[in-house]
Each structure stands twice: as structure tokens, then as C-alpha cells.
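The values are calculated or read from the model by the stated rules, or taken from the named source; none is laboratory data. Since we're looking at a predicted model, the values are computed, not measured. Cβ placement follows ideal geometry from the backbone for every residue including glycine, while neighbour counts extend to all protein chains displayed. The accessibility values were calculated without ligands, DNA or RNA, using every heavy atom of the protein model including side chains. Shrake-Rupley method; radii C 1.70, N 1.55, O 1.52, S 1.80 Å.
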Amino acid sequence: MAQITLANIAHSYAPAASPSDLALKELNHTWQDGGAYALLGPSGCGKTTLLNIISGLITPSRGRVLFGDQDVTDIPTEQRNIAQVFQFPVVYDTMTVFENLAFPLRNRGGRRAEIRARVELVARMIGLDDLLHRRARGLNPDIKQKISLGRGMVRESVNAILFDEPLTVIDPHMKWELRTQLKSLHREFGHTMIYVTHDQTEALTFADKVVMLHQGQVVQIGSPEALFERPEHSFVGHFIGSPGMNFIDARVAGRSAFIAGCEIALAQDYGIPSGHTQLGIRPEYIRLTDGDGLPAEIKGIEDVGHRRIVRAGVAGFDLNVVLPGGGGGELPGARLHFPPEHIGIYQDQWRIEGQSP
Amino acid sequence: MKGKIDNNRAWLLVLPVLALVMFSAVIPLMTVVNYAFNDTFGNNQFFWNGWGWFEEMLQSERLHAALGRQLLFTGIILLIEIPLGIVVALNMPKKGFWASLCLILMALPLLIPFNVVGTIWQIFSRVDIGLLGRAMAALGIDYNYTSDPLDAWVTLIIMDVWHWTSLVALLCYAGLQSIPGAYYQAARIDQSSRWNVFRYIELPKLSGVLSIAILLRFIDSFMIYTEPFVVTGGGPGNATTFLSIDLVKMAIGQFDLGPAAAFSLMYFLVILLISWVFYTVMVARDGEGEP
Amino acid sequence: MALELQGVSRTVNGQVHIRSANLRLEPGVINVLLGPTAAGKTSLMRLMAGLDRPSAGRILVSGTDVTGAAVQERDVAMVYQEFINYPGKSVYENIASPLRLKGKAGQEVDAAVRSTAELLKLTPLLQRKPLELSGGQQQRCALARALVKQARLVLLDEPLANLDYKLREELRAEIPNIFAQSQTIFVYATSEPEEALLLGGNTATLHEGEVCQFGPTASVYRRPATIRSAEVFSDPPINLAVGDKMGPALKLEDGHSIELAPELVGLSDGRYTLGFRAHDLSLQAPDSGYLRFDCQLTGTEVTGSETFLYLAQADRSWVGRLPGVLSRPVGETIAVWVNPQHLYLFDATGRLVACGSEPA
């Protein structure tokens, strides 16, 4: 096992590319040994390109890939000692489940008894021990994907395990089980895991560190909590959270923001920012009151069981407010209060820091 | 699992086809059946002969010999064409200009009419003027397909392989193209050997098209007539007299219409039976739960 | 006008696909079919469309029996999980195609296409070809084609399943507006409970070909008639515990006993299953009425705004969904609390007998 370093990596699918053509813009990052990472972004954001660069399927147009101290930029996939789980289950149909799991070990010439012990351990952890002697053909897709997962886990010494949207074909109820198993496998075996997905729940629950990509650019790398509490870019705010962060055009002066003539207190002094200034706040943090606050038009209320989503309009912008707990009941008011500690100020889409007093 | 919708007017649309099939298949077949159970001395006078012709044919050594030759021929060309087709398909370029060129070149033999294929090889192999025949003679190899049975067989087998291997290769090529790239990548990551990639990924995924290829080549070669007729005419002696050549000799050459009719009915039933067995095996295997 | 299924079953080669379904679907509200993969959502839709014939039972439209009628005679539109459009036609022509098939032309077609495109935000894209659009836009085009036809029945089979998470969220918020005030009966299949809640309307929960429950979405969610229905309508899975009731107490598998609300003491003694949803589990008890369970923490997941706790309680796996970020060491035994008002009590046959302290 080793840490993985991406040094000045950039990639373009067109030969002579201008900076705007880059499928992946310049990136420097080190993946710590044993970490659980997620690459998160919508389709076409470059996350699969990045994964393929790590796996060796793509040689980056620029930059180097290091595993530990070894430069592997020009080394093919099979010599990188990685494992990968794909979007759709890749199983060897004519083999039994046991043979499928043992295949990567047998190819590397492991001893029979060791292989058997290792396969049985992995099978037990992902709940395949009853099926070991069944032929893979004809098993349902959930189980086939478990086999793929198991084949990824079976080698002890891999540099990293890469997951390419592995839960796409899995039933929602089964996703919980597989995610839990993945977490416990990570704890048990301590592999470096890199997980590509467009699903924020999968990314945030799986990873210690989430790499958020937007149009080929890494816009933030951070813990799930940081991505939620302090999105560095308005795209992160919008993408993370359901519904995403609210952004409203505001005039900012010092420790105050003004929306439609209404003053909102801020926790920091931002001076007078130039460019397009927006105030961002999570729907979970907005409070509805009948006291002081922004007057809002309530457009609708949706009950999603464990919480209610209030659709509100302020100065021509649509805002969402999340109220904990489902069910009916009167709204506490039609004015919005923004707690200062949860407000972020964004200048041309990037979060800016103010001066603390 | 398609739903059925009842609409009886739909049957009207089938009528023209039904009429066509009546004229093209059922009526000629019934004529053959008529000949098979009767004896005739011309003048359209028929005498009931029951199973007589069938019994005679079943005991005919001439027929047994032809059947043996037929099975041997079909067996040999299947053993050559199927593996060779797979090898060719595996080595074809996957995409781009060369892939298209390969496809066109390989489709060429399939587009040539059967009797032309026969004529090409007949001339090509002739010892006096054929390129192959002259070349063999020049190399000091004693080759003459008109007099040596083994040479005749070798010529016919090579001709069939030349004519039909592309069909197997094209079917396999299509089958290989449908394997998702992820499988190959997974195999590389698993450090699978080339042989294991073939054994565990390509062959299982090809099994469907391969059964179709084997079935088609079996039926076709079991009924082979035109090419050997043009090249060797069934000779030297009876060395390359396969079932259909023998049948034609019997029916047209000797005008033994009764035995020939009984023979052709049995021939037809054998092919039907083998195709049915094939089909059943294929369906049963698919039913094993391939998604 | 309504679509009615009376005891509709379908059996194929001895396998039951649909088991005696009874449903009455009305226009103006969306009808959600909720269930995991292979629960029978698609089978039921095919029966409604007339693509398949029921093995038993009757299908009525406005009281007229249409059981044997072919799909062409039923006036149905369908939208699938895959984005199905005519690749060679522009978005405009795609939307216009069902009208042209009906033999309409000119002004009438143009007006209908433009108003439908407006509703689905496709107006700037009308001249493009479907393959030049994003997945979300392609599916909007397919939706527009289904809507413009003004069919009596529109069937949507997991239409958002192939879309990116965020696109799904956007389109999902728009769909109820599209369907409001229409004389069409809409049926929407999904495997996600939250999607059903967002869509509102009526929901039928399905499990292994059987309709477990049908009613207004919120009430099916809040008062699941059976354990099955509750399981289908819970994501994360509902937490369950089995116990024996004797007098005022319910003795659980793990040996510990809980006291039942006075209203429930009258229930007959015997075996019961207790259930509650993940977000009803908490780590503190605001008042003394809360029930306490001791569980072993087997894992945590943080989504940034919420934390999922994976717990082991007497050989059963439980999940807790709590607001905020919590970090507790795995393996620890922790006390969790549940408001008895949020408990469901199911009898030995799986039927709901009490919801909170109210007998069902």
C-alpha cells in the first residue's frame, strides 16, 4: 500500500487543447494511504477521467502520477497493483462465486490454503458465504455486484481500490446494506479507497474526504462536514444538500448585507466586495419567525416524512426552508431569519472570508 | 414476455404468405411423399409400395457409405472452421479503417455464388492449367484431385474453409464487439492471462453466437452439393459422393424416383431432428438464467 | 372518469407477477406505485396499458370493461426509464409526432406543441435533435410527447431513475405542477420512498406482486397498514423489534420489557412486532415518556447535515438518522430513545394494530 500523488495533472481528449478544452484542469493532490475518498460531481465533470488516470487507463496529457515514491505515469493498469469495481457487475459467468473471488489471487500464484482462507474471510464479510459454490451465471445483479466488490477486496496488498459508481444498478434497500459493508471492509482492511459518484449521499456517507469536481476543475476538497457547512464555491453549495444552498444577490457593506432594502447582520466584516456578490445560506439554517426578518412569500409546503420543505420567494429569488419533523401544523411565521454564523458571502461564485472582530 | 393481443383480423394478413408457402414448399413436398410410397413405371401410373423404399434405403450400403462420408466431411470442416473463425475474429482490428477493410475482404467469399466458388477452385486446382495444381507440381508434390481421393478431399475441405470461415469469424466478431470494455479492464487488473481472458470472458460471451454458427455450418455443410459437384463430380470413384450428390445421381442419373424420394424424406427428417436437438439445447442453456 | 382494477392477477408460467390487485385511480392527482425492483410496478403498468392481459380480474375505464382491449384502443401514453425519442427528428417534431399520428395538422399542432414545450421548459430547444440534449432535457422531451397527446392514461415508469441526482431533484419538483388540473390519470412508478412523498397524491405500496396498501401518500406513510407496507415506504429501512405482550407490558426478544400506553393494554396478549422509522430515533429523551433501548453502535455515516447511526439491537440491525454531525466510537454501547407516539405496533400476521398510542 502506498500514498498516491497527482502532481500537476491535466488532461485533454483533443490533441492540441486550449485551457478551456481540458477535460480535467490542473490538479495537485495526495491521497493518503488508507483514506476513503469520493470524487463527486455531475456527469461530464471529469471525475471518470480522473479515476482512469489513477487506474492507468488514460495517460494524462500533463503531470505525473506517483504511487509512494514510484512514478507510475507510464506503467500500465495491470502493473499498478490496484483493484477496481465498475458501474455494472463484472463477473466471470462460468465460474463459481468462490472461483470468481479467488481469480485475482490464483493469477498471482498464491498458495491454495491461503487463497481459501482469504476468500472465505471476504465472502463472510460481504455475506456471500452461503453462495460460494453457486455458479455466477443466473445470480441477480445485486449479488453479482457483491461478487465484483469482493474481487476488489480480496487482494491484501493493493495500492488502492477504485469504485466507479458501484451502486448504480443496486436497489435502494440494498444500497444501505452494501454501503455499510463497504464501510466495515474499509475499517477492517484499511485499503485506500477512491469512489466516483454523482450521488451526494453516497459520496458524503462513504468518504472521509470528498473531492468535488465542476467542469473539469476541483472546486473543493474537504470533509463531508466542511462541504456542507462551508462550501468554497456556489456550485458546491448547490450540489451538496437536498435541497441545495440558497443564494440571493445581496449588497454587502462591512458587517451587513442588504437584500431588498432589508439589513441582515453578518458574523464577519467583509468590507465592500467587488463583482457579483451573493449571500448563501443552507435551507436547514433559515428560521421562520413572526418577529424580525426578511418578509417572504410562502409559495408551498412539501412534507417528505422526516421534514418539511417550505418554498418561499424573496425579492424575486426562490428560497427553500427546511423544517425538522414531518406532519401538518402551522408555520411559525412568514419572515425569514438568517443566523449570522451560518451565512456565507460569495464573490463571483467563490466564498470569501471576512475579518473577524 | 411479450403480451398477446387478440385481433383476429390479423390472420388475413398472413394469408398471402400461407399461399406462397403452399406452392413453394408444401405441394412439392407432397409430390415427393407421393413418390416415396409408390412405385411407377411412367405414364402417371402409381402402385402402392408402403414402406418398401424406406426399408430398401435404410439397408443400402451405398447410402451408408455416403452418410459416413457426409458425417466425416461435416465433422472436419466444423473442427477447422469454428476454431479458425474464432481466431480470426480475435485478431481482427477492433475499429477504424482497417476494421472496415477486414470486414469487406472477409465478406467477399460469402458473396460469391456457390457454383462460381466451385468453378474457381476447379480451375485453380487443375494440374494442367490451375495455379495451385501447377505450383504443387513445381514443388514436386504429387497432387491430382481428379485421381487421388485424398487430394480430392483436401481440395474440397480447403475450398469450404475458404468459403465459409468468414461467416463464423463475422458472427464471432459481432459477439466480441458486444463485450463491455469493463470486462477487459477487470481482467487486466486481476492479472488474468490472455488464455484466461479467452476462456472466462470471451468464450462464455460468444457461446450464443457460436451455437448459431455451428448450427448454420452444420446444416449447410450437411446439405452441400454444388461445390463438390462442380469440382469433383463426386469422384474419383465415389470418394467425394456426399448425401446430396448421391441423391441427385439416384434421382436424375438412374431415375430411381421412388428410392430417391424415400431417401430425401429421411434426409430432410435427419436435418430437422438435429436442428431441433440443437435448438432445444440452446434454449435450455439460455434458460439457466443469463440475464 | 376513473381507471379501476378489480381483482387483477397475472401469472406467467406458474410464476405470480401480480396477485389480485384492486385499485381505483382518479384523474387530477398523481398515483404512485412504490416498491423495490421486481415488486410488480412494471407488470401492473403493462396491465393498465393493455400490453399484457390479466390472468384473472377486470379492468374498467369509467365503468366500461376494457379487459381485453388492445393498447391501441386504450388511449395511453408511456414514459420509460430510458430516454426514448425519435433520434432523427427535432424536439418540435418529436413533440408533434403523437398529434400527427392522430391526423391533426397546422395551427392546432403548433399551438399544442408550443404550450407543452413551454410547460416543460423546452421552448429554446425546439429545433435541436434529442441526442444534442442533456439527459434531463431528453427526458423532458419524452414527457412532453406523453403529455401533448392528452391521453386518458399516462404511465411513467421510473422516469427519473437514469438522471443525475441534482437533475432528478429539479425535475421532481416540477412534475406535480405539470400534472395538476389535468383530466388525465397519471401513474408514476418509483422505488424511492422520498420521491413518493415529494410527488404527493396517492400511493400504492407493492411487494412481490401484491398491492400492500393504497391511499393518500401521506396517510400511507404515516399509517402503514402492514409491516410490508411500512418496509416498502421506509428509506433507510424501518427499525423492528419482536416481543410478547402480557398485560400492560411488551417483553422484547432481548429480555427487556416496555410498558404499553394505557389505550393499548386492552389488546389481546401474544406476539407483536414494534417498528419505528430511523429519524424517530434520538439520543436524548426530552421527557420521561420516551422508551429506552440499549444498542451497540456498529457504524456511523455523516452526510454533512445528518448522521446515520448503525446499531445492533438483539441481533437486529437498526438505523438512526439524526440531524447534525455526531462522532461516537464504533463498538460502544449507547442508549437510544424513541417517542412512543412514533411507534407502530403490528400483530403476529403483520397487520397494524396501533399507531402511537392510538389503536388502529
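Brief remarks follow.
- Chain B: translational diffusion in µm²/s, Stokes-Einstein, Kirkwood Rh over Cα pairs, 10 °C, 1.306 mPa s: 70 µm²/s
- Area hidden from solvent between B and A (accessible, protein heavy atoms only, 1.4 Å, total, Å²): 2100 Å²
- To the nearest 10, the accessible area of A:Asp129 is 70 Å² with a 1.4 Å probe.
- Placing unit charges on the Cβ atoms only, positive for Lys and Arg and negative for Asp and Glu, gives region A:88-202 a dipole magnitude near 520 debye about its Cα centre.
- Calculated Rg and Dmax of region A:40-91 using C-alpha coordinates, Å: 12.2, 34
- The separation of region A:184-238 from region C:119-134, counted between C-alpha centres, amounts to 32 Å.
- Chains C and A together bury some 3000 Å² of accessible area, summed over both sides, with a 1.4 Å probe.
- Share, in percent, of DSSP beta bridges within region A:4-233 that are antiparallel, nearest 5: 50 percent
- Under a 5 Å amide H cut-off, with hydrogens placed 1.01 Å from N, C:Ala77 pairs with C:Leu153, C:Val154, C:Leu155 among residues at least 5 apart or on other chains.
- Over region B:1-126 - Rg/Rh using Cα atoms and the Kirkwood inverse-distance radius: 1.14
- Rolling a 1.4 Å probe over the protein heavy atoms of the protein assembly as shown, with every protein chain left in place, gives an accessible area that is 56 percent carbon and sulfur.
- Relative to the dominant Cα principal axis of chain C, helix C:165-179 is inclined by about 70°.
- Estimated inter-spin distance, B:Leu90 and A:Asp33, nm [label 7 Å along Cα→Cβ]: 4.0 nm
- Kirkwood hydrodynamic radius of region C:197-261, Cα pairs, Å: 13.5 Å
- Over all projection directions, the Cα-based convex hull of region B:91-148 averages an area of 5.9 nm².
- Across all Cα pairs in region A:4-233, the calculated P(r) in 10 Å bins from zero up to the longest distance comes to 8, 32, 35, 20, 6, 0 percent per bin.
- Computed [θ] at 222 nm, deg cm²/dmol, chain B (DSSP H ≥ 4; -39,500 (n - 2.57); rounded to nearest 500): -22500 deg cm²/dmol
- Over region A:242-352, volume per residue of the alpha carbon convex hull, in Å³: 93 Å³
- Student exercise, region A:242-352 dipole from Lys, Arg, Asp, Glu Cβ charges, in Debye to nearest 20: 120 debye
- Contact-buried residues of region C:147-179, at a threshold of 50 Å² lost accessible area versus the chain by itself: C:Asp164, C:Tyr165, C:Lys166 (1.4 Å probe; DNA, RNA and ligands ignored).
- In region A:4-233, lysine pairs with alpha-carbon atoms under 30 angstrom apart (chain gap of 8 or more, or interchain): 16
- Percent RCO, i.e. relative contact order, over chain A, from Cα pairs under 8 Å lying at least 6 residues apart: 16 percent
- Taken along its three principal axes, the alpha carbon spread of region B:10-71 comes to 50, 37, 17 Å, from the longest extent down to the shortest.
- Pairs exceeding 20 Å between alpha-carbon atoms, taken from C:Lys41/C:Lys149; C:Lys121/C:Lys149; B:Lys95/C:Lys129; C:Lys41/C:Lys89: C:Lys41/C:Lys149; B:Lys95/C:Lys129; C:Lys41/C:Lys89.
- Between A:Gly313, A:Gly329, A:Gly275, the residue with the greatest mean-square fluctuation in the GNM of chain A (Cα pairs under 10 Å linked by springs) is A:Gly329.
- Chain-alone versus full-assembly comparison, region A:299-320, residues with accessible loss of at least 30 Å² (1.4 Å probe): A:Glu302, A:Asp303, A:Val304, A:Gly305, A:His306
- In terms of overall dimensions, the C-alpha atoms belonging to region A:294-357 reach 42, 25, 20 Å along their principal axes, ordered largest to smallest.
- In terms of its Cα atoms, region A:109-235 spans 52, 30, 23 Å along the principal axes, sorted from long to short.
- Stokes-Einstein D (µm²/s) once Rh is taken as the Kirkwood radius of the protein assembly as shown over alpha-carbon pairs, at 4 °C in 1.567 mPa s: 38 µm²/s
- Taking only alpha carbon atoms, region C:37-133 gives an Rg to Rh ratio of 1.06, where Rh is the Kirkwood radius.
- Kirkwood hydrodynamic radius over Cα pairs of region A:134-178, then Stokes diffusion coefficient at 37 °C and 0.692 mPa s, in µm²/s: 281 µm²/s
- Taking the charge dipole of the protein assembly as shown about its Cα centre, with +1 at Lys and Arg Cβ atoms and -1 at Asp and Glu Cβ atoms, the residue from A:Leu50, B:Phe255, B:Leu170 reaching farthest to the positive side is B:Phe255.
- With N the number of residues in region C:71-195, Rg(Cα) / (2.2 N^0.38 Å) evaluates to 1.00.
- Note on A:201-208: average number of Cβ atoms from other chains within 10 Å of each residue's Cβ is 4.
- Förster-model FRET efficiency, 51 Å R0, C:Lys129 and C:Val265, C-beta, rounded to 0.05: 0.15
- When the charge dipole of chain A is built from unit charges on Cβ atoms (+1 for Lys and Arg, -1 for Asp and Glu) and taken about the Cα centre, the candidate among A:Ser223, A:Val154, A:Asn107 whose Cα reaches farthest toward its positive end is A:Asn107.
- Distance histogram in 20 Å bins (all Cα pairs of chain C, percent per bin): 26, 48, 23, 3
- Per the Kirkwood formula applied to alpha carbons, region A:1-140 shows a radius of gyration over Rh ratio, Rg over Rh, of 1.05.
- Per residue, the protein assembly as shown exposes 45 Å² of solvent-accessible protein surface, assessed with a 1.4 angstrom probe and all protein chains in place.
- Among the residues of region C:9-57, those with an accessible-area drop of 40 Å² or more from chain alone to full protein complex, heavy atoms and 1.4 Å probe, are C:Arg53.
- Charge dipole (Cα centre; +1 on Lys/Arg Cβ, -1 on Asp/Glu Cβ; no other charges) of region B:38-107 amounts to roughly 620 debye.
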